[in-house]
1. Over its Cα atoms, what ratio of radius of gyration to 2.2 N^0.38 Å does region 7-83 give?
2. Mind running the shape call on region 22-146? Use the C-alpha gyration tensor, a ≥ b ≥ c as the square roots of the eigenvalues: rounded below 1.5 for a/c, prolate if a/b tops b/c, oblate otherwise.
3. Considering only 147, 161, 65, give the residue with the highest GNM mean-square fluctuation for the chain, with springs between Cα atoms whenever their separation is below 10 Å.
4. Of all beta bridges DSSP finds with both residues in the chain, what is the antiparallel percent, to the nearest 5?
5. P(r) of region 92-192 in 5 Å steps, Cα pairs, percent per bin?
6. In cubic angstrom, how much convex hull volume per residue do the alpha carbon atoms of region 71-122 span?
7. Rg (Å, one decimal) plus Dmax (Å, integer) for the alpha carbons of the chain?
8. Would you mind computing, in nm to one decimal, how far apart the modelled labels at residue 29 and residue 133 are, each placed 7 Å from Cα along Cα→Cβ?
């Protein structure tokens, strides 16, 4: 199925949540229009945006008469409507394997790699030591899981990989070195070699990795 008009994506260039959606839109070759939201200025909390997402968060997509927020929900929608079996298997076991990593992205990756980066880039008032410990824990989990695996949930890339990629790949911007995690670094490289991969804007605050 192809979209009849460009999908509108409400975006912020340093958001890993947005980047997940950008990746899938690009890889599915779906026409889309990026509408930048000035998050530091609080545009995502203004009335016009709240009408799109009552939670006041990015990303949001508008696809015809469908408006959706929450990055993993958007990934599921795009994969099921436009992507076919590759990105989100329909069989119960394959779908469950993908869901495990969507949950990881919304849980441990959000609480660890995302938050250490928020502290370093945006001076967020978050317990950095706790976020750092959670980051090392989830990196260790991924390192072990990716031993003898190329991708997270299947023999090929799925939305699980897209959901987990950005905050893990950009965790050096949060002051965490990826050098000890060879399997994770190889997985990052595989994702970046996928057709139509688009990079997320980097911050100058990254440490060498």
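1. 1.01
2. Values: a/c = 2.32, a/b = 1.05, b/c = 2.20.
Here region 22-146 falls in the oblate category.
3. 65
4. Working: 7 of 12 bridges.
The antiparallel fraction comes to roughly 60 percent.
5. 2, 14, 25, 26, 17, 9, 5, 1, 0
6. Working: hull volume 4.2 nm³, N = 52.
Each residue corresponds to 81 Å³ of Cα convex hull volume.
7. 16.6, 49
8. 4.9
No lab work stands behind these numbers, since they all come straight from the coordinates. If you're wondering where the values come from, they're calculated on a predicted model, not measured in any experiment. All Cβ positions, glycine included, derive from the backbone under ideal geometry; neighbour counts span all protein chains shown.
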